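The values are calculated or read from the model by the stated rules, or taken from the named source; none is laboratory data. A quick note: this is a predicted structure, and the numbers were derived from the prediction, not measured. In this analysis, Cβ positions are derived from the backbone assuming ideal geometry, glycine residues included, and neighbour counts consider all displayed protein chains.
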Ligand code: R5P
């Protein structure tokens, strides 16, 4: 299997190709003066199995994925596995209000038109995999995040809401510690209310684990709860660190001791590498 990396995931693609001792296909990607994207696969990939790795956020990376995928198909690749480290738009996974699109499905439908298989990491909800019309599966970065937390002497893993409890539970099993969750209500895009709840966190090290940090509102509210209840150190960890706007400042102001994210979205905090789990999944797939 050969690897192609889109601009959003070129480092991951390089690392995956190194782990698998496989070829990283060369591409030319540039912009026309008017801002439109130009790209070209500059090697012969006819009849090759291709894994195309590209996070679909922000929007320009979605266009790039579509164009790359079209180019891969036209170049005659035998199979086209699309690896989406962070699947943007996954949170609009239903019509919350009349007149809205189901964005996750709209993207999945378009990707499926040229992909033969899809792999993504920790999608917001697993049911979005059903939106793809080709085989689609997810892999979990929770074991990687948990490994990273191992030397922090975590006493409790906390889910910021009930929906994130599965991930927290998985981490607590790896870290051999307690698990709990908070009751969260989203007032609007950036306002979060956490209902006070008595937690056994006094003088304890706590890791909060979630799939996404976007505005940081959820995590900041959770950290504040924990600090009010005299937690010792509070680590926040997520698979996808979007860190929109002033998210980092919010987390720091709330009293966070460390921010840990994977590299599905590159940032100063994306210390946990996902290439090993992607490489493992691609190996399983090509057997
Ligand atoms: C929502 O259910 C997700 O799991 C995250 O909790 C949410 O996307 C985080 O967003 P924010 O950082 O804006 O609170």
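Numbers below:
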read-out: Residue satisfying condition, being at pLDDT 95 or above, in a strand (DSSP E or B) and more than 7 Å from the ligand (Cβ to nearest atom), within set 208, 212; value: 208
read-out: Criterion violated by residue 105 - all others in (1) within 18 Å of residue 57 (Cα to Cα); (2) touching a strand residue (DSSP E or B) at 6+ places or on another chain (Cβ under 8 Å); (3) in contact (Cβ under 8 Å) with a residue 24 or more places away in the chain; (4) more than 14 Å from the ligand (Cβ to nearest atom) satisfied; value: (2)
read-out: Strands (runs of 3 or more DSSP E) wholly inside the stretch 131-192 containing at least 1 residues that are under 19 Å from residue 121 (Cα atoms) and more than 14 Å from the ligand (Cβ to nearest atom); value: 136-139
read-out: Within the stretch 237-265, considering residues that are assigned to a loop (DSSP other than H, G, I, E, B) and out of contact with any strand residue (DSSP E or B) (no Cβ under 7 Å at 6 or more places or on another chain), the one surrounded by the fewest Cβ atoms within 10 Å (Cβ to Cβ); value: 245
read-out: One residue from 48, 31 being free of Cβ contacts under 8 Å to residues at least 12 places away in the same chain, in contact with a strand residue (DSSP E or B) (Cβ under 9 Å, 6 or more places away or on another chain) and over 21 Å from residue 240 (Cβ atoms); value: 31
read-out: Number of the condition not met by residue 104 [criteria: (1) surrounded by 14 or more Cβ atoms within 10 Å (Cβ to Cβ); (2) over 22 Å from residue 213 (Cα atoms)]; value: (2)
read-out: Tally of residues being within 17 Å of the chain's Cα centre (by Cα) and either surrounded by fewer than 15 Cβ atoms within 10 Å (Cβ to Cβ) or under 19 Å from residue 271 (Cα atoms) (or both) across the stretch 148-166; value: 3
read-out: Count of the stretch 49-70 residues which are surrounded by fewer than 19 Cβ atoms within 10 Å (Cβ to Cβ) and part of a loop (DSSP other than H, G, I, E, B); value: 1
read-out: Meets criteria (farther than 30 Å from residue 71 by Cβ, modelled with pLDDT of 95 or more and more than 16 Å from the ligand (Cβ to nearest atom)) for residue 127; value: no
read-out: Qualifying residue in the stretch 216-224 (condition: away from the ligand (no atom under 11 Å from the Cβ), free of Cβ contacts under 8 Å to residues at least 60 places away in the same chain and outside any strand (DSSP E or B)); value: yes
